[in-house]
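Engineer: I'd like to ask you about the structure that follows.
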Amino acid sequence: MQVDELLKPFPIKEFHPFPRALLGPGAHELIGPEALKLGFRKTLVMTSGLRGSDTVHKIVESMKYHGLDVVLYDKVESNPKDYNVMDAVTLYQEQGCDSFVSIGGGSSHDACKGARVSVAHDGRNVNDFEGFNKSENPKNPPHIAVSTTAGTGSETSWAYVITDTTTDPDNPHKYVAFDDYCVTTLAIDDPTLYYDCPMDYTAQCGFDVLAHASEPYVSRLNFEPSLGNALRAIRLTAQHLRTATWNPLDLGGREGMMYAQYIAAQAFNSGGLGIIHSISHAVSAFYDTHHGLNNAIALPRVWAFNMPVAYRRFAEIAAEMGVDTHGMTDVQAADAALAAAIRLLRDVGIPERFVDVKQDTYSKNRLGTGPTKFYENASVIKGDDADVDRITNHVLGDACTPGNAKECTFDTVRPVVAHSMTGDLDELLG
Ligand SMILES: [Fe+2]
């Protein structure tokens, strides 16, 4: 037996680092003093622009007030592309910057992490660092990540996700880089910056949290230090996502989801992910749809797929989601967890199948200031046999797939993908 085969059941676990963090209402106002403390002088701010809010302006002006020089790159696209990262690297080098700030959700944070790694390697293409710990130089520029969503957790994780547009243009490739050296220097999670997030994105980001929490809870890594955070994040999401979505100015809802984001990411950071994320990455690669939206659609199908190897764990998830599981068998409680997830998805107004996603409703770069160059001509989601095949193949090559609770093959995963495309969620309810 080969060593990699022996390692497949993950006998040796690894705990990956977290950055320091400031959490709570008003935390973003500390960015100037914190940046000075970290030695920032001239900072490249990376963001999508967050059109419709004054968040970027507020933070940039606050940094300038504290004497920092600021260069702005506000063209990060949703599902950040390799060219976003490399354009930012060029700007950083040309302007002689010494530090980074990212403002936004996962796209801005991830592009920024990729840019830091590239800068540390003299501007090498970010795509060279796909995979696990490919970074060779531990010294990259310091980075403060300011979150304006509650989903990604990228501000505290060792992962960043980039779309490689340099391969076959008909088959773009979205990959995860896990890198202990990409971890930010300081994370800022301020729920008051989350007030401006539109309702549909709030709902979708919430399902990214539920995926980040539930995937490590049932993962084959079975990493004890992750399990407590995973359950707590599931509980917080079940308690707060509806309020955060429908009452956007409710501080309790926004703050609850910000904490859920933070600890869910700390759960998957060492506890692993699964094929909710792999399906999500594949659909984004082909259609540039929102990561959280993709997770939400895939989640019930993947839970149903994984349940036979983890009924007990799903029963525990049910209890955290508010189900009274007393008197239920594990199988009954696991089914109730799935029903609770579908109820939550419906309550926050998320489409139930990929073919229901309307291109105009979920436009690619809605809050961004930059063009979505690569996907200008992307079609609505097809969901036909050829589409299901290419998505399934992308899933099997994803770095998140080995952690999935159940072993994945083309034949076992394809029906899960197909159901996500066109299947009826009611079929999953016993
Ligand atoms: Fe995610």
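Engineer: Checking the cross-link filter: which aspartates and glutamates have an alpha carbon closer than 16 Å to that of residue 81, excluding same-chain neighbours under 8 positions apart?
Structural biologist: Filter leaves 110, 128, 130, 164, 168, 170, 288, 376.
Engineer: Of the listed pairs 13/139; 13/174; 139/174; 113/134; 58/358, which have alpha-carbon separations greater than 23 Å here? Don't skip to the end; give the middle numbers.
Structural biologist: Numbers: 13/139 25 Å; 13/174 26 Å; 139/174 26 Å; 113/134 13 Å; 58/358 33 Å.
With Cα atoms farther than 23 Å apart: 13/139; 13/174; 139/174; 58/358.
Engineer: Given the chain, what percent of its DSSP beta bridges are antiparallel, to the nearest 5?
Structural biologist: Antiparallel bridges: around 20 percent, rounded to the nearest 5.
Engineer: Still on this structure, I have one more. Using DSSP to call loops (not H, G, I, E or B), can you name the trypsin sites (Lys or Arg not before Pro) in the stretch 43-77 whose Cβ has at most 16 other Cβ atoms within 10 angstrom?
Structural biologist: 51
Engineer: Right, another one. At a Cα cut-off below 16 Å, give the lysines reachable from residue 406, other chains included and same-chain residues fewer than 8 away excluded.
Structural biologist: Filter leaves 8.
Engineer: For the stretch 61-95 and the stretch 120-158, compute the distance between their C-alpha centroids and round to whole Å.
Structural biologist: Each part's Cα centre sits 14 Å from the other's.
Engineer: Moving on to the next point. Just from its helices, what would the mean residue ellipticity at 222 nm be for the chain, if runs of 4 or more DSSP H residues each count -39500 (n - 2.57) and the sum is divided by every residue, rounded to the nearest 500 deg cm²/dmol?
Structural biologist: That calculation yields -15000 deg cm²/dmol at 222 nm.
Engineer: Just 260, 35, 213 to compare: in a GNM of the chain, with alpha carbon springs under 10 Å, which one fluctuates most?
Structural biologist: Maximum among the listed residues: 35.
Engineer: Rg and Dmax of the chain, using alpha carbons, in Å: what are they?
Structural biologist: Gyration radius and largest Cα-Cα distance of the chain: 20.2, 66 Å.
Engineer: Turning to a different aspect of this structure: How high is the relative contact order of the chain, given as a whole-number percent (alpha carbon pairs under 8 Å, six or more residues apart)?
Structural biologist: Across the chain, relative contact order equals 17 percent.
Engineer: Below 8 Å, C-alpha to C-alpha, sequence gap of six or more: please give me the relative contact order for the stretch 3-194 in percent.
Structural biologist: On the way: 401 pairs, mean separation 51.9, N = 192.
Rounded, it is 27 percent for the stretch 3-194.
Engineer: While we're looking at this one, here's another question. Determine the percent antiparallel among the DSSP beta bridges restricted to the stretch 3-194, to the nearest 5.
Structural biologist: In the stretch 3-194, approximately 20 percent of DSSP beta bridges are antiparallel ones.
Engineer: Okay, next question. Run the dipole for the stretch 3-194 about the Cα centre, Lys and Arg Cβ at +1, Asp and Glu Cβ at -1, nothing else charged, and hand back the magnitude in debye, nearest 20.
Structural biologist: Magnitude of the dipole: close to 500 debye.
Engineer: Any idea what the dipole of the chain comes to, in debye rounded to 20, about its Cα centre with Lys/Arg Cβ at +1 and Asp/Glu Cβ at -1?
Structural biologist: Details: 36 positive and 55 negative charges, 141 e Å.
Dipole size: approximately 680 debye.
Engineer: Under a 10 Å cutoff between Cα atoms, tell me which one of 297, 31, 276 has the largest fluctuation in the Gaussian network model of the chain.
Structural biologist: Most flexible of the set in this elastic network: 31.
Engineer: Relative contact order for the stretch 199-429 using alpha-carbon pairs under 8 Å, separation at least 6, rounded to a whole percent? Intermediate values should be presented prior to the final figure.
Structural biologist: Details: 391 pairs, mean separation 59.5, N = 231.
Over the stretch 199-429, the number comes to 26 percent.
Engineer: Charges at C-beta only: +1 for Lys and Arg, -1 for Asp and Glu. How large is the resulting dipole of the stretch 199-429 about its Cα centre, in Debye rounded to 20?
Structural biologist: Dipole about the Cα centre, nearest 20: 400 debye.
Since every read-out is calculated from the coordinates, none of them should be taken as a lab result. This one's a predicted model, so the numbers in the text were calculated from it and none came from an experiment. With ideal geometry, Cβ positions are generated from the backbone for all residues, glycine too; neighbour counts draw on all protein chains shown.
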